[in-house]
Amino acid sequence: MSLRKKVRDAMEKAGANMQITQEFRSIFDVAGVPAFNQFYTFGIFPWKYVYKGFYSPWHVVPAPTILNEKETRQMSSMHAAKAVCAEMAGLIVSELNVHVSTGQTLTGDQTDPLDDFVQKVLKENNFNQKMQEHVEESLALGGGGLKAWYDVKHDSEGNEIPDSGKIMIGFALADQFVPVDWDNAKVNGCVFISRRAIKGYYYTRLEWHRYDGTTYSIDNQLYKAAINKYSSHESQDILGFRYPLNTIYPFLDEHTEIKDMPSALFTYYRTPIANNLDDDSPLGMSIYGNAMETIHALDICYDSFIREFRLGRRRIIVPASSVKQVIDPNTGTPRRYFDATDEVYQAFSTDDPDAMKVQDDTVSLRVEEHVSAINAFLSILCLQVGFSAGTFTFNQSNGVRTATEVISEESKTYKSVVNMQQQIKPAIEQIVRAVINIARLYDVQADGVDFATLKDDDYEVKVDFDDSILEDRGAKIDEGLKLTSAGLMSKKTFLINTLGMTEDEADHEMQRIADEKKVTASIFDLSGNNTGE
């Protein structure tokens, strides 16, 4: 038996014998956590289930039968919440570009070494794709948290594997993140919640992050609860009892403190919507938080629309003489049926032609009424979630919109997207700085970068969104060129604001342009074309 296995078994036994009498039913029972349970119970958790497309108070409806008066069925969902968040996220993070510049003098095609290092970390974490997914989910739940840490692999004996260290970036949804300390500017302390299911038990880890401006501390706590002990599907997660951390996480410290930390290793961003459920909370509102009734109405209409076809299937009335009777070979009981495939003439004991007719008893479908109702609620939904009128329609002919409508700076969609981008940019800048601080803390090696002497003021982080979907980029460039030609805008401002460069990148680009002009002028002089002859 390995040493690691012996230690783990000993800790398991010690944990089983711990005399702990207090059971924590939720994270809000833990000391130091604000009483946000009402906001999570009546806000974040319902938003989450509606986003997934199944919320039992809505989608489990009565369907009594002769055999069971209490029978229920699951109502069909239009998944409008998912569609709204996906559409908005696609516009917000259509193309994300992150640049880091140290102001070094670069020549030719040379790139900034610090930027190369950051791009490598972002690529290893699949940051651009994960960020778009995270933005979509954060729009649904009102906000989300990001964190960075240094991950080291261990062998079977518990020893660190050389050169296995890697900077990781984690994405937490609103139901996995609880703020514990904040001010008007940002969240300074929080708890990240993660769960693992092992051998019939849930193990919930609470990871506390606190930052006072200089000292950064991380505390880890572990809780254990039986998986089948609480059967409520939509209740918040049960913590259970406090349990020894090393039984599940043998390489994590219960407490870590870092001195002289220039910034936090986590960040939180929220939707730019006032929280009218809890105005004392720093948490954000779902973009459809005030449109829940409309989404419910859409599901009712959509479910009725589907049942219209299901219950309105073609039905016929046939004369009793057309119904055949056969003996079921398995049970020996007679069975009666109408053979719709029989094409042979048969004789019946009647001279009344009406008695032999097959009559169509199919009811007419109310398609137009349903489409009109759904479109009416979709128009209301656009108004409530920040989209321009007509963004969502139920039929194809009304769903086509021109590019001018989408990119218009006066449109409601454009304003909503820009407001959300302004919330996301500082969060991405913060997590990039966290990546660099971790590299400094763990003495990560990178070509051309001395993290030991690198300070926060020595580099600039630039986050740029490609807004070509929202605005006419060509028109914006033309406008910038006209302003620079007229002397109303500097070329450097044009490169930064219009082309998304950092200040150092703009200086470098202007220097390259100047150098190219000198070379061109020299060639021009050597050709003798400007001798004045």
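Largest accessible area first, the residues 377, 392, 266 order themselves as 377, 392, 266 under a 1.4 Å probe with ligands, DNA and RNA left out. Rolling a 1.4 Å probe across all protein chains gives residue 365 an accessible area of roughly 70 Å².
Between residue 97 and residue 457, what is the label-point separation in nm under the 7 Å Cα-to-beta-carbon projection? With each label placed 7 Å out from Cα toward Cβ, I get 2.9 nm. Most tightly packed first, judged by the mean number of other beta-carbon atoms within 10 Å of their residues, the peptides 89-99, 63-73 read 89-99, 63-73. Rounded if a/c is under 1.5, else prolate if a/b beats b/c, else oblate: with a ≥ b ≥ c from the C-alpha gyration tensor eigenvalues square-rooted, which is region 77-173? It is oblate, given that a/c is not under 1.5 and a/b is not larger than b/c.
Put 61, 121 in order of accessible area, highest first, and with a 1.4 Å probe you get 61, 121. Based on the alpha-carbon gyration tensor of region 87-234 and its eigenvalue square roots a ≥ b ≥ c, which shape applies: rounded if a/c is under 1.5, prolate if not and a/b is larger than b/c, or oblate? Judged from the Cα gyration tensor, region 87-234 comes out prolate (a/c at least 1.5, a/b above b/c). For residue 257, what accessible surface area do you get with a 1.4 Å probe? Give it in Å², rounded to 10. Only protein atoms counted, so the area is about 100 Å². When the residues 306, 513, 428 are ordered by accessible surface, computed with a 1.4 Å probe over the protein chains alone, the sequence from largest down reads 513, 306, 428. If you take all other residues with their beta carbon under 15 Å from the beta carbon of residue 189, and give Lys and Arg +1 and Asp and Glu -1, the sum is -3.
Using the Cα gyration tensor of region 176-281, with a ≥ b ≥ c the square roots of its eigenvalues, what is the shape: rounded (a/c below 1.5), prolate (a/b larger than b/c) or oblate (neither)? The shape class here is oblate.
Pairs 48/120; 130/259; 82/412; 82/199: which are spaced more than 28 Å apart, C-alpha to C-alpha?
Values: 48/120 33 Å; 130/259 31 Å; 82/412 20 Å; 82/199 33 Å.
The pairs that break the limit, which is 28 Å between Cα atoms, are 48/120; 130/259; 82/199.
The values are calculated or read from the model by the stated rules, or taken from the named source; none is laboratory data. For clarity, every value in this text was computed on a predicted model and none was experimentally measured. Backbone-built Cβ (ideal geometry, glycine too); neighbour counts: all protein chains shown. SASA here: full protein model, heavy atoms, side chains in, ligands and nucleic acids out. Shrake-Rupley method; radii C 1.70, N 1.55, O 1.52, S 1.80 Å.
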